[in-house]
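Written below as structure tokens is the structure these notes are about.
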Amino acid sequence: MVKKLLLKSSQIFTQKQKTIFSAALIIMLMIAASRVLGLVRNRALAQFFSVNDLSVYFASFRIPETIFEILVFGTFSSAFIPIFTSYISQKKKEEAWYVASVCLNFAFLVFLFFGILIFIFANPLYHLIAPGFSDSQVIQIANLSRVLLVAQAFFVLSYFLTSVLESMQRFLVPALAPLFYNLGIILGTIFLSSRFGLYGPVFGAVFGALCHFLLQLPLAFLLGFRPKFKIDLQHPGVREIGRLALPRIVELSSLQLGKMAELFLASLVSAGAYTYFTFANSLALLPIGLFGTSIGKAALPTLSYQVAQKQFHEFQETLISLLNQIVFFVLPSAVFLTVLRIPVVRLVFGADRFGWDSTVQTGLTLSAFSLGIVAQALLYPLTRAFWALHDTKTPVKISIGMITMEIIFGGLLIVVFKLPIWTLALAFSLASLTQVVFLFFFLKRRVLELKIRLFLITLLKIIIASSASGGLMFFLLKVLDRSAWDKKLSFLRFLGLKLPVSFQHFVLDTRYTFNLLLLTIFVALIGFLVYLFFCWILRVDEINFFKKLIAKIKKPNLVENIVPPPVE
């Protein structure tokens, strides 16, 4: 009995997710858990450190993460998975593992080279990209970044394993790994900050990255991974990965340049501006990660397989279905974050060291980010559609144009017009919307059957439903929040009137956390129900997807064929 129970438990972690739906559901749930832990992490940071200290902490991640993201996301996500999947589908497992090991060895050696350079030149580099910080702050940022290089080294190894496991459609373990990374930072913040200051959460990040790697290693070995310490750049598979990765590396280099420009511009606004920008972005990334990232990750093996089998009709049907599903979930989330920005920021980050002015600045920045949330979520499946078509150059060119637009527009708003930090988020959102439009245009030219009109019709219906929901939520928030009635009550008393006693029972004093939480949940729930009602009235097809999602949770075997199956 115990043996069967252990076997059944182990199968949960090793079994293949056979549809985009099941894979996306697992990734979605794990990302939700990871994002919640991420918010807990940020709340812990806000509890222990001032906004100025947190700007130093977040800035220290900028350069170490730049090397990691260019190497790993540039190679493994866009180029490695389609080639590795191709070898697996052709029953060439040994060659697939050989190519994987060579790519890992090369990526790690390149990381070590750049890591040593950054370790040596961290001080002048941060003086260059964060001119708004004082000399002592820059020295602290540089020292923290040197420690974080160790965490990024573990991530190079770990995200290679993530790419391998996702290519073989094992999504649960890779989705669990980020939980341990966030947990490491939380533990480091709580238990080490009093002794080590900002080094506490940094040490926690290193420990979390190590756990991220060790969690995935056993399953990779079980599936056949064996490290081979070779550098074989002449192998056709390795050369093809290099060919596909090069444009993506160029794109990510420009993207990281954009992120450095964000740090540069934020440091010119105020010492705490980068904290407001980072906190608001972390909230905006929640629906993007839940739906855009999860569906995009789960879809890449299937889209790659359909292209390999020349099933272009199925390819376009799958893609349009995924885009509709993302908009169905993300657009109302963006409306929710816009309307309830202040209550959400207060609930998530409201600590003694995070005052009202910090809340307002973060809330305004969140609203500006919300304008581009849908576009950011759509980027994941759209770019992966190009990758599946073995075209990484087109999205790269479009992305570089978007980043250039963000830097120019953001620089104009902050440096020339001296506007607050939320304008930098606005520049980012407008650039993202432009990027999505161009991706649609060029993808339509590649896939002539792509039915963009069907997508636009669904988008219009969801916009109407979300607008109705958002309008009602805004009204309820203003009516039920006592702080919004202060001026109105003064005016009523001036006229010799007063609020009816029966109505006063429904008005909440949101100075108290419980009342604020109660108001936020109530308004969000009403808004969600109104959104579903309007989607039903407008006959949005994705409402059926929502029903199937509920059915899937209740009876896991009911809906295994919502979308075409991925590689077997």
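Each peptide in 45-53, 29-37 was scored by the mean count of other Cβ atoms within 10 Å over its residues; highest first, the order is 45-53, 29-37.
Going by the alpha-carbon gyration tensor, a ≥ b ≥ c the square roots of its eigenvalues, is the range 298-411 rounded (a/c under 1.5) or, if a/c is not under 1.5, prolate (a/b greater than b/c) versus oblate? Because a/c hits 1.5 or more and a/b exceeds b/c, the range 298-411 counts as prolate. Over the residues of the chain, the helix contribution to mean residue ellipticity at 222 nm works out to -27000 deg cm²/dmol, using -39500 (n - 2.57) for each DSSP H run of at least 4. Label-to-label distance, Ala33 versus Phe441, with points set 7 angstrom from Cα along the beta-carbon direction: 4.3 nm. Treating each Cα of the range 359-459 as one equal point scatterer and applying the Debye formula with no solvent, the log10 of I(q)/I(0) at q = 0.14, 0.17, 0.20 Å⁻¹ comes out as -0.60, -0.81, -0.99. Label positions at Ser136 and Asn123, each projected 7 Å from the Cα along the C-beta direction, are separated by 1.6 nm. Taking 0.36 nm per residue of sequence separation and removing the Cα-Cα distance, the Phe533/Glu95 pair yields an extension gain of 152.4 nm. Going through [x] 36.2; [y] 29.2; [z] 32.5, the figure that equals mean projected area of the Cα convex hull in nm² as computed for the structure here is [y].
Shown for the chain are the DSSP H helices of 30 Å or more along their axis, judged by Cα atoms, with a mean Kyte-Doolittle hydropathy of at least 0.0: 20-48, 93-129, 135-167, 172-196, 199-223, 236-269, 312-339, 422-446, 452-480, 513-537.
Could you list, in their original order, any pairs among Lys93/Lys297; Lys91/Lys228; Lys397/Lys444 whose Cα atoms are separated by more than 18 Å? From the list (Lys93/Lys297; Lys91/Lys228; Lys397/Lys444), the Cα-Cα distance tops 18 Å for Lys93/Lys297; Lys91/Lys228.
A protection proxy built from the mean count of other Cβ atoms within 10 Å ranks the segments 458-466, 108-116, 173-181, most packed first, as 173-181, 458-466, 108-116. Dipole check for the chain: with +1 at the C-beta of Lys and Arg, -1 at the C-beta of Asp and Glu, and the Cα centre as origin, the magnitude is about 1160 Debye. Tally Lys and Arg at +1 and Asp and Glu at -1 over the other residues with C-beta under 15 Å from the C-beta of Ala465: what net charge comes out? Computed value for this residue: 0. With each label modelled as a point 7 angstrom along the Cα→C-beta vector, the Leu246-Leu456 pair spans 3.7 nm.
No value in this document is a laboratory result; all are computed from the given coordinates. Given the structure is predicted, the values throughout are model-derived calculations rather than measurements. All Cβ positions, glycine included, derive from the backbone under ideal geometry; neighbour counts span all protein chains shown.
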